[in-house]
């Protein structure tokens, strides 16, 4: 289950709701709050959602959209809800907000949220990063089979959307544990 939060300062709630239902299908739950809408859905193509928001931003002023990465991500929404008032127009994911706001969030809470459901901890990440994202070298040093290390990295990517083999994702997670 994913959540898309759309913060608007105008009277376009019905229009945005209709557009989301047409894109995602009518199998979504809409939670209406005074300044924003929360769409609970199973739609996984974030690029489609981003396209809608960017086109709306051209027509409607002050459209802010945040889409969760982590599955069943109410905790993720709670982590970033204070950032809603800092951003006006645009489309954001947890990665975008973490890279911009790494010093303004609870790092432990963010790290725990990202690694939840995987077998990875800060020691694993430090060891992997010490070998410059090199799977073979890290596996040897950690006394793991290379495929086991890859499985753990894949599990993290599946549960959180963060891929430690990608520099940007590795940087964000490293910043959270340092």
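Remarks
- Calculated FRET value between residue 145 and residue 174, using beta carbons and R₀ = 30 Å, to 0.05: 0.80
- Here the translational diffusion coefficient of the range 107-177 follows from Stokes-Einstein with Rh set to the Kirkwood radius across Cα pairs; for 25 °C and 0.890 mPa s it amounts to 207 µm²/s.
- Residue exposure proxy: 1, 142, ordered by other Cβ atoms within 10 angstrom of their Cβ from fewest to most, comes out as 1, 142.
- Here 31, 105, 49 are placed in order of increasing Cβ neighbour count within 10 Å, fewest first, which gives 31, 105, 49.
- Those residues of the range 144-176 whose amide nitrogen sits under 14 Å from the label point placed on residue 136, 7 Å along Cα→Cβ: 146-147
- Estimated inter-spin distance, residue 123 and residue 14, nm [label 7 Å along Cα→Cβ]: 5.9 nm
- 18 Å tail of the calculated P(r), the range 1-57, as % of Cα pairs: 22 percent
We did not get these values from a lab; they are worked out from the coordinates using the rules stated. The model shown is predicted, which means the values in this text are computed figures rather than measured ones. FYI the Cβ positions are ideal-geometry reconstructions off the backbone, even for glycines, and counts take in every protein chain you see.
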